[in-house]
Amino acid sequence: MTISREGTNLDPWFGHYADRTSGLSASEVRALFAVASRPEVVSLAGGMPFVSALPLDTVSSSMERVMRDRGPAALQYGSGQGTPELREHILEIMALEGIRAGVDDVVVTTGSQQALDLVAKLFLNPGDVVLAESPSYVGAMGIFRSYQAEVAHVAMDADGMIPQALTEAIQSLRAQGKSLKLLYLIPNFHNPAGVTLSSERRLAIIDIARSEGILILEDNPYGLLWFDRPAPAAMRSVEQDGIVYLGSFSKTLAPGFRVGWALAPHAIREKLVLAAEAAILSPSSLNQMIISDYLDHADWKGQIDVFRGLYRERRDAMLEALEQQLPDLTWTVPNGGFYVWLTLGEGLDSKAMLPRAVKELVAYTPGTAFFADGSGRGHLRLSFCYPTPAEIKEGVRRLASVVRDERELLETFHATGPTRIISLDQHVTSPPPGLA
């Protein structure tokens, strides 16, 4: 609680907020935006698409055509489900990953983040449990917390979530009398881990969820951004009734349009439309029409190929820099998407290390952002999507310098004890986390 000098709360409405607002907090990723936007800082933190690679003249032409030919309709309220023409295009996009569906099964949303929020609103009561990978997307956990749900992390490795670990987590939670509602997955080029769920595990996890009566949320913003080989077919391609599939134009076109979608079983879809109408009346008609026109006139598949090549080059630059600068650490090797998950050495704390990194003009996202329980201090996420290859290499060099300094601090601690440690900021410190 925030207290003024007079001892009173600075917020006069503090006692009036709903209980669920206790789950609202600024994410560690959003808190980094101000720092990462400084031009002298190499940001390896945010997952911002490199929109400068878009054919901006083509996008501008779509905007002009929509306003010239359909201006009044584009500026008017629209359907709460989204325009039929865009939903037809979405079916074409999902078909690239093996999904077959009808146009009425799709609900257009204000980014897939809204789709995720609507599903959570429909299903989660306070105290319900959402199963999620360990680690998981920070934005999803913020939504689940806002509905007063618990997040139970399930172990994953280089092939994604481990089915046996999922089974064990379900059994343990059931034994505690917990209500298990949702299984949230990012199967392709995971955020933040960068790994891809294998075909075999997709089928095993679908079987487990079906037998346990748990709805799967398949969040797939990165699926078309593969590098060396396509990801396995979407989970929704083999299971219709037990999966809500979330997609987005933010990564394959531009996040500024704020257009995503949900593909849901019939009964859920009807409720999603009602929930969307209650929240925003309708998604932006203008933005939907612009995207539809772009998909009609542009070589959008070729543009996705351009993004693949660009992000592949940047991934390679990051992996090469890590091998050169931090060869004794370990990291994931993504086959698509935006992220590398770095594991630090024993005793190193990515959250505590971040202020020092910012002073050295490099930013990353500490691993704690991706765990509901605040763990993950021994990890960090590096994003290679936005900076140039040269900037990536310089950023990793600066990060390596910070890691070496932190190691020296740890070695000094072991040699002299905590009372004689002087931190890199010249303040007396307590023992580093995990050493107390």
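Of all residues in segment 153-171, exactly one satisfies the criterion of being without any contact (Cβ under 8 Å) to a residue 24 or more places away in the chain, surrounded by fewer than 19 Cβ atoms within 10 Å (Cβ to Cβ) and part of a strand (DSSP E or B), namely ALA155.
Test GLU150 against the criterion of being out of contact with any His (no Cβ under 8 Å at 6 or more places or on another chain), among the acidic types (Asp, Glu) and modelled with pLDDT of 95 or more, and give yes or no. Let's see the steps before the verdict.
On the way: out of contact with any His (no Cβ under 8 Å at 6 or more places or on another chain): yes; among the acidic types (Asp, Glu): yes; modelled with pLDDT of 95 or more: yes.
Taking the combined requirement at face value, the residue satisfies it.
Look at (1) part of a loop (DSSP other than H, G, I, E, B); (2) farther than 17 Å from TYR339 by Cα; (3) among the hydrophobic types (A, V, I, L, M, F, W, C) and you find that LEU197 fails only one, number (2).
Against the condition crowded, with 20+ Cβ neighbours inside 10 Å and over 30 Å from MET48 (Cα atoms), how does ALA204 come out, does it pass?
Values: crowded, with 20+ Cβ neighbours inside 10 Å: no; over 30 Å from MET48 (Cα atoms): yes.
No, not satisfied.
Could you grab me the full set of residues in segment 249-283 that are touching a Ser or Thr at 6+ places or on another chain (Cβ under 7 Å) and either surrounded by fewer than 20 Cβ atoms within 10 Å (Cβ to Cβ) or over 19 Å from GLU92 (Cα atoms) (or both)? Within segment 249-283, ARG258, ALA276, ILE280, SER282, PRO283 meet the criteria. When segment 353-375 is filtered for residues that are part of a loop (DSSP other than H, G, I, E, B) and either more than 29 Å from LEU131 (Cα to Cα) or modelled with pLDDT of 95 or more (or both), the ones remaining, listed by number, are GLU360, LEU361, TYR364, PHE371. For segment 382-425, the set of residues classified as part of a helix (DSSP H, G or I), touching a helix residue (DSSP H, G or I) at 6+ places or on another chain (Cβ under 6 Å) and either among the aliphatic types (A, V, I, L, M) or at pLDDT 95 or above (or both) consists of PRO389, ILE392, LYS393, VAL396, ARG397, ALA400, VAL402, listed by residue number.
The set of residues from segment 137-152 being part of a helix (DSSP H, G or I) and hydroxyl-bearing (Ser, Thr, Tyr) comprises just one member, SER146.
Of the residues that sit in segment 295-340 and are acidic (Asp, Glu) and more than 28 Å from VAL259 (Cβ to Cβ), which one is nearest to the chain's Cα centre (by Cα)?
Restricting to residues being acidic (Asp, Glu) and more than 28 Å from VAL259 (Cβ to Cβ), the top hit is ASP316.
Among the residues of segment 51-75, those identified as in a loop (DSSP other than H, G, I, E, B) and surrounded by fewer than 17 Cβ atoms within 10 Å (Cβ to Cβ) are PRO55, LEU75.
Applying the condition of being in contact with a Lys or Arg (Cβ under 7 Å, 6 or more places away or on another chain) and in a strand (DSSP E or B) to segment 108-136 and asking which residue is farthest from PHE370 (Cα to Cα) yields VAL108.
The values are calculated or read from the model by the stated rules, or taken from the named source; none is laboratory data. Only a predicted model underlies this, so the values are computations on that prediction, with no experimental measurement involved. Positions of Cβ are backbone-derived with ideal geometry, glycine not excepted, and every protein chain shown enters the neighbour counts.
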